[in-house]
Amino acid sequence: MLDKIGIAKRIAQEVRSGMYINLGIGIPTLVANYIPTSMNVVLQSENGLLGIGPFPTEDQVDPDLINAGKQTITMMPGSALFSSADSFGMIRGGKVNLTILGAMEVSENGDIANWKVPGKMVKGMGGAMDLVASAQNIIVAMQHCSKEGASKLLKKCSLPITGLNCVKKIVSDLAVLDVLPSGGFKLLERAPGVSVEQIKNATAGKLIIEGEIPEMKLA
Amino acid sequence: MIDKRVLNAEEATKDIPNGATLMIGGFGLCGIPENCIAAILQKGVNDLTCISNNAGVDGFGIGLLLKTKQVKKMISSYVGENAEFERQLLSGELEVELIPQGTLAERVRAGGAGIPAFFTPAGVGTEVAEGKETRVFDGKTYLMERWLRADFSIVKAWKGDTSGNLIYKGTARNFNPMMATAGTITIAEVEELVEVGQLDPNQIHTPGIFVHRIFQGVNYEKRIEQRTISNSVIR
């Protein structure tokens, strides 16, 4: 089974040189730590920056420089700053190659729910609805099941939807799965020490298993 | 050049009436008009509708105006990090319209640019689409969204001149440039106010035509929500 860092490390393997990438809050933010430095990628922050750098040292801290999670950050050489309208222009315009975000539920046709639990939690959708409606490629980082053991990979989402038919790939604590355009979660890899049987039991939506399923390799 | 200088936040906000619709710039606590928020708090106007990406935090930013119940309605994209907000929302004391962040930015931009409506893919098939017109363009479904405009737009910039030209710094730009365009009256507070001619026209982000009142703010706190330091990176 993978912890949060394990999920971030596995997602980092999906990154390719030349990509513009938007990382959501939480596990997706951690992915930045595991992208090989040899790879030329640009991280987009939807509050108006291309070229997110590492967290600042104490004397570099600038309250006028934060990421979408409101964390203090630095800028890489060659960064660009812009307004929120320009930022979502590049998102809606399909310029961002990869979007990595968290989810509470994903359905077998790629619907995602991650912004609201009616009556309990209302934080708002932020930029998630814009991102999922337009991104070229969406990878979701999530826990396969709730704390109570209920599957979060469902036939149909039970929570309010963030976007329809948009998730392409899921990296959970148990597995890596593709969401097929025709519907269904196609099992690609198992997390270390996790059996196919466990993944079957933890997946409520349609699970497609073809041949031997390898265990994922983490550096 | 037209001189738009006012003395301070009190003078800039003095004619904001009860029930006004305000746009307030900023993302989280970054790039918020601290001086004007303090003046509105002091003035005690109420029944306000606030259009702002976030609602501040408990005890700072718009969070201050929520605590005193001066806000009747918030139009935002993300309101986490504010317990008082969540409490008023769940209890029904506060009216809240949650909008996808890009849609919010574009609705404000459209308001300033004279475009009454536009189509976006964000929110199709979600609660956000309820009661809204959809149309299919080239095989994809889009949602019609209306412009947003405000009685008063209140923005924060880094530098400005007395004719209202503005330059923002870092990610404190965020919603400020669009909001500056969408107010019947736009108030700009800046960290440094200079005479006309001292800013490079090549560097202006918001041309002065959009700004009606400008003043140099004082005592900026610039609170940080998540102070993250390099050696705190989890590796």
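Looking only at strands (runs of 3 or more DSSP E) that lie completely in the range B:20-133, which have at least 1 residues being over 21 Å from B:N174 (Cα atoms) and in contact with a Cys (Cβ under 7 Å, 6 or more places away or on another chain)?
Those strands (runs of 3 or more DSSP E) span B:71-76.
B:I2 - would you say it is away from chain A (no Cβ under 14 Å), open to solvent by less than 10 Å² (accessible area, probe 1.4 Å) and part of a loop (DSSP other than H, G, I, E, B)? Show your work before the answer.
Numbers: away from chain A (no Cβ under 14 Å): yes; open to solvent by less than 10 Å² (accessible area, probe 1.4 Å): no; part of a loop (DSSP other than H, G, I, E, B): yes.
Against the criterion (away from chain A (no Cβ under 14 Å), open to solvent by less than 10 Å² (accessible area, probe 1.4 Å) and part of a loop (DSSP other than H, G, I, E, B)), B:I2 does not qualify.
Can you name every residue in the range B:184-235 that is of a type in the set (A, V, I, L, M), at the interface with chain A (Cβ under 9 Å from one of its Cβ atoms) and in contact (Cβ under 8 Å) with a residue 60 or more places away in the chain? If you could, list the steps in order and put the result at the bottom.
We begin by selecting, within the range B:184-235, every residue of a type in the set (A, V, I, L, M); these are B:185, B:187-188, B:190, B:193-194, B:196, B:199, B:204, B:209, B:211, B:214, B:218, B:224, B:229, B:233-234.
Those still in the list that are at the interface with chain A (Cβ under 9 Å from one of its Cβ atoms) too: B:224, B:229, B:233-234.
Across the range B:184-235, the qualifying residue is only B:I224.
Quick check on B:V124: is it touching a helix residue (DSSP H, G or I) at 6+ places or on another chain (Cβ under 7 Å), within 30 Å of A:K156 (Cβ to Cβ), among the β-branched types (V, I, T) and open to solvent by 20 Å² or more (accessible area, probe 1.4 Å)? Please lay out each step first, then the result.
Working: touching a helix residue (DSSP H, G or I) at 6+ places or on another chain (Cβ under 7 Å): yes; within 30 Å of A:K156 (Cβ to Cβ): yes; among the β-branched types (V, I, T): yes; open to solvent by 20 Å² or more (accessible area, probe 1.4 Å): yes.
Answer is yes for this residue.
For the range A:25-71, name all the residues that are farther than 18 Å from A:I91 by Cβ and hydroxyl-bearing (S, T, Y).
Once the filter is applied, which keeps residues that are farther than 18 Å from A:I91 by Cβ and hydroxyl-bearing (S, T, Y), the range A:25-71 yields A:Y34, A:T37, A:S38, A:T57.
Could you pull out the residue among B:G208, B:G183, B:G197, B:G170 that is exposed (fewer than 14 other Cβ atoms within 10 Å of the Cβ) and either under 24 Å from A:E46 (Cα atoms) or out of contact with any helix residue (DSSP H, G or I) (no Cβ under 7 Å at 6 or more places or on another chain) (or both)? Lay out the reasoning, then the answer.
On the way: B:G208 fails: exposed (fewer than 14 other Cβ atoms within 10 Å of the Cβ); B:G183 fails: exposed (fewer than 14 other Cβ atoms within 10 Å of the Cβ); B:G170 fails: exposed (fewer than 14 other Cβ atoms within 10 Å of the Cβ).
Just one listed residue meets the conditions, B:G197.
Which members of the range B:5-19 meet the condition of being assigned to a helix (DSSP H, G or I) and open to solvent by 10 Å² or more (accessible area, probe 1.4 Å)?
Step one: filter the range B:5-19 for residues assigned to a helix (DSSP H, G or I), giving B:9-12.
Residues satisfying the conditions are B:E10, B:E11.
Looking only at the range B:137-157, decide whether some residue is β-branched (V, I, T), under 19 Å from A:K123 (Cα atoms) and free of Cβ contacts under 8 Å to residues at least 60 places away in the same chain. Break it down stepwise before answering.
First, the residues of the range B:137-157 that are β-branched (V, I, T): B:141, B:154-155.
Adding the requirement that they be under 19 Å from A:K123 (Cα atoms) leaves none.
Checked the range B:137-157: no residue is β-branched (V, I, T), under 19 Å from A:K123 (Cα atoms) and free of Cβ contacts under 8 Å to residues at least 60 places away in the same chain.
The values are calculated or read from the model by the stated rules, or taken from the named source; none is laboratory data. Please read these numbers as outputs of a predicted model, since none were measured by experiment. Here the Cβ is made from the backbone with ideal geometry for all residues, glycine too, and neighbour counts use every protein chain on show. With ligands, DNA and RNA removed, areas are computed over all heavy atoms of the protein, side chains included. Shrake-Rupley method; radii C 1.70, N 1.55, O 1.52, S 1.80 Å.
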